[in-house]
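To start, the structure under review is shown below, and the notes come after it.
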Amino acid sequence: RLDVTRDTDLTAQLRLRVATDNPGSPNVQAGLAGYPIYTTLGGTFGFDQRFNRLQVSGGATVDRTSYGDSTLTDGSTSANADRNFNQYGGVGRVSYELTPAIKPFVEAEGDTRVHDLQYDRSGYQRDSSGGYAKVGSSFEFTRLLTGEISIGYAARNYIDPRLNRLEGLLVTSSLTWNATPLTTVKFYSDTQIAETVLPGASGVLVHTYTFEADHDFRRWLTGIGKFTFGTLDYQGYNRSDKTTSIEGDLIYKMTRNLWIKGSLRHDVLNSNLANSSSASTVVMLGVRLQN
């Protein structure tokens, strides 16, 4: 953030995500030796302008998602170039401070997704445009309970006439309860519109709900427990999945600037289609640098 004046800020955000498809995902090929890695790199560049209690924010967004090739059990590879796409868009938000503790807002976003290949592996054109609109409020009920909650509507239209509009309820929230000086309890939810190459399916409407508890055992040792529930609705195709995840994290703060984090997570996917459910266990070790 660059403070141009007391009431005007220029803002910038960079983001990077490296991950794989979940086990059981219909987007991956049969006979995989390992799940292909995908990378999403992007940024948002905008401004914040305050007019007394009224605040106006806006920004331009650009993101690039690219997939590596899939390695099959017979040693061959299969390309995933039809899943690569660029997303260009903009987001705006207007909020008003009713009181220091309550700040309602209206937010809208629009974007366009352009794929590297005109047709995917099943002959569908996946380029699309869409966005969302939502209303909500941030709040602070004493310093012990703070958060933000909003509700809205999301939709996406595709170039291919065989793909119906993807749409659904948008629910976003984040609540933080400082139960004790050493323990914090959090709840957050999110809604995403994800891409798919499943023939006939427009996309995936994904809802996730997460409960988290953090506890400081020592000044240098923090434990985190998480439980996540999610739903995946493949619109235009008779498939719906439910996911649950249980995760435990341990953070060791070696110094003020260097943290070591270990994670153990167990994921379960239950699908309404036969032979499509799965379970997996993920172990991760990470390093956090801060100044």
Please work out which residue is farthest from Ala81 (Cα to Cα), limiting yourself to region 129-160 and to residues that are charged (D, E, K, R), open to solvent by 30 Å² or more (accessible area, probe 1.4 Å) and in contact with a Ser or Thr (Cβ under 6 Å, 6 or more places away or on another chain).
Glu140
Where the second residue is open to solvent by 50 Å² or more (accessible area, probe 1.4 Å) and of a type in the set (S, T, N, Q) and the first is without any contact (Cβ under 8 Å) to a residue 24 or more places away in the chain and closer than 30 Å to Gly147 by Cβ and lies in region 105-118, which pairs have Cβ atoms under 8 Å and are six or more apart or on separate chains?
Gly110/Ser129
Restricting attention to strands (runs of 3 or more DSSP E) lying wholly within region 29-77, give those where 1 or more residues are surrounded by 16 or more Cβ atoms within 10 Å (Cβ to Cβ).
37-51, 54-67, 70-72
In region 264-283, how many residues are free of Cβ contacts under 8 Å to residues at least 24 places away in the same chain and in contact with a Gly (Cβ under 7 Å, 6 or more places away or on another chain)?
1
Could you grab me the full set of residues in region 269-281 that are in contact with a His (Cβ under 8 Å, 6 or more places away or on another chain) and either under 15 Å from Ala19 (Cβ atoms) or part of a loop (DSSP other than H, G, I, E, B) (or both)?
Ser280
Among the residues of region 161-219 satisfying the criterion of being open to solvent by 60 Å² or more (accessible area, probe 1.4 Å) and polar (S, T, N, Q), which is modelled with the lowest pLDDT?
Gln192
Could you please find all residues in region 88-128 being crowded, with 17+ Cβ neighbours inside 10 Å and assigned to a strand (DSSP E or B)?
Gly89, Val91, Arg93, Ser95, Lys103, Phe105, Glu107, Glu109, Asp111, Arg113, His115, Ser128
Counting only residues that are among the charged types (D, E, K, R), more than 24 Å from Ser128 (Cβ to Cβ) and within 26 Å of the chain's Cα centre (by Cα), region 55-106 contains a total of 2
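The values are calculated or read from the model by the stated rules, or taken from the named source; none is laboratory data. Nothing here was measured: the structure is a model prediction, and the numbers come from that model. Don't worry about glycine lacking a Cβ; one is built from the backbone with ideal geometry, like all the others, and counts go over all protein chains shown. Only protein heavy atoms, including side chains, enter the accessible area calculation; ligands, DNA and RNA are left aside. Shrake-Rupley method; radii C 1.70, N 1.55, O 1.52, S 1.80 Å.
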